[in-house]
Amino acid sequence: MSGQGSGNNVGKVVDGNSDEVVDGGQRFIQDDSAVLAIGLGGTGVDCLRTLKKRVYERLRPDNPGDAVLSYEHIKFLAVDSDAKGMKKAQRDGFGELDLDTEFLDISYPNSLSTLFATSRDGLAADPAYREWLQFDDFNMVGTATSGAGGVRQVGRFLLVRRAYEFVSTVHGMVTEAMEDANDNKRKVYVHVFSGLGGGTGSGAFLDACYLVREALRRAGVPRNMLMGYLFLPDVNLARDYIPDVVRRCIESNGYAAMQELDYCMGFGRNGDAWHQAYPRVGEVRWEAPPVDLCHLVAGRTSKGVPLPKMYKHAMNVVADYVMDFLAKPAQTGFGLKSHFSNVQTIRDAERNKQNAGACYDYLIIGASCAVVPYGR
């Protein structure tokens, strides 16, 4: 972790291996950019919580010394269909996120099977659903108040029906994060966290990314970078308290999600584009990939050996990695521009070696961090 710090607060940082006390005088100074971090589904929201905890422990606030710390240019948004789980986390002391201002509830309180049966003709004619929603497969689906039950189509349906609220929320948060007393035009970084094996995140992550792009366009933000952090099925499987019905779907969900992701990452080269109509949003069309940088997060080493405390390890290494986007670079001169330049150079070099049969549009997080610790 590179950065310079100053301040008066003391924070306690806990990672997968040890406890670390960070004195207020060693906190990192905030970068000049605006940042929005979005967690989709249970795994994505867990990562978002971990990141917010890191921010409040390691990053110098706008108001050092005050009892309530403020980070006006960093926003957090949890998007989940498990409203009950979010509230339980608050009661159990894991409520780093504000349910009133940082949570978009996309759950559906009534029976989905009843909805699809009674509204089938209307939904089937709606361009937002007619081409992909398989109505006949939802006879056994109940309510979606505590997650999508491991069903990717349910996860996607829940986000699509709230697309307008999602775009409006992202638009508002980005606008607020860009506000500055000197009317400074900040570059906007958006970080999207999602599991690939569950129901909500796996089903909704592609739509979420393109709706974020649409929100940035409508907010008039030309200088932006969208980054995705997608947790592979081995990380999802390592999560505690997974219902059996969800656990049985994780690997097949992950495979389907990777197939879709890989195709969409080829936009701009394969002649296709993202084209989807959303309720109250209208048609969204992009020839760009879903994210500018796509990070795949593994819970195993390159040799397939599971990492200790796999789930917690994955959350921590991603949070530590993203912290580099939030802190000013040290005086060494190696900052984000250098990092992005290196990634582009390596990617272009690999593409020149092979024109087909492999995709070099992914970065891997997880296994390497077992050897090279972050934040030290």
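Annotations
- Residue within the range 148-157 that is of a type in the set (D, E, K, R), modelled with pLDDT of 75 or more and either open to solvent by 60 Å² or more (accessible area, probe 1.4 Å) or farther than 23 Å from SER252 by Cα (or both) present: no
- Long-range neighbours under 6 Å by Cβ, at least six apart or interchain, first residue among the hydroxyl-bearing types (Ser, Thr, Tyr) within the range 249-268, second at pLDDT below 95 and open to solvent by less than 30 Å² (accessible area, probe 1.4 Å): none
- The residue of the range 96-113 that is nearest to the chain's Cα centre (by Cα), among those that are over 9 Å from ALA78 (Cα atoms) and modelled with pLDDT of 90 or more, is ILE106.
- When restricted to residues that are assigned to a helix (DSSP H, G or I) and either of a type in the set (D, E, K, R) or more than 17 Å from the chain's Cα centre (by Cα) (or both), the range 161-174 contains 4.
- The residues listed here are LYS353, LYS309; of these, the one that is out of contact with any Asp or Glu (no Cβ under 9 Å at 6 or more places or on another chain), modelled with pLDDT of 85 or more and over 26 Å from CYS209 (Cα atoms) is LYS309.
- Test result for ARG186, in contact with a Ser or Thr (Cβ under 6 Å, 6 or more places away or on another chain), at pLDDT below 95 and not in a strand (DSSP E or B): yes
- Pick from the range 328-350, criterion part of a loop (DSSP other than H, G, I, E, B) and open to solvent by less than 50 Å² (accessible area, probe 1.4 Å), ranking: modelled with the highest pLDDT: ALA330
- GLY220 vs. criteria of a type in the set (Gly, Ala, Ser) and on the phi > 0 side of the Ramachandran plot: yes
- Verdict on ARG248 being under 15 Å from the mean Cα position of the chain (by Cα), open to solvent by 10 Å² or more (accessible area, probe 1.4 Å) and over 19 Å from MET315 (Cα atoms): no
- Test: residue in the range 259-275 that is assigned to a strand (DSSP E or B) and either open to solvent by 20 Å² or more (accessible area, probe 1.4 Å) or under 23 Å from ALA215 (Cα atoms) (or both): yes
- Listed by position, the strands (runs of 3 or more DSSP E) contained in the range 8-47 that have at least 1 residues being at pLDDT below 90 and open to solvent by 20 Å² or more (accessible area, probe 1.4 Å) are 11-14, 19-22.
- The one condition in (1) buried (at least 18 other Cβ atoms within 10 Å of the Cβ); (2) within 19 Å of LEU196 (Cβ to Cβ) that TYR255 fails to fulfil: (1)
- Test: VAL212 is farther than 24 Å from VAL160 by Cβ, touching a strand residue (DSSP E or B) at 6+ places or on another chain (Cβ under 7 Å), open to solvent by less than 30 Å² (accessible area, probe 1.4 Å) and part of a helix (DSSP H, G or I): no
- The range 175-209 - residue that is surrounded by fewer than 16 Cβ atoms within 10 Å (Cβ to Cβ) and among the charged types (D, E, K, R) and, of those, nearest to the chain's Cα centre (by Cα): GLU176
- Members of the range 277-327 found to be open to solvent by less than 30 Å² (accessible area, probe 1.4 Å) and polar (S, T, N, Q), listed by number: ASN316
The values are calculated or read from the model by the stated rules, or taken from the named source; none is laboratory data. Keep in mind that what you see is a predicted model, and the values were worked out from it rather than measured. As a convention, Cβ positions derive from the backbone with ideal geometry for all residues, glycine included, and neighbour counts pool all protein chains shown. Only protein heavy atoms, including side chains, enter the accessible area calculation; ligands, DNA and RNA are left aside. Shrake-Rupley method; radii C 1.70, N 1.55, O 1.52, S 1.80 Å.
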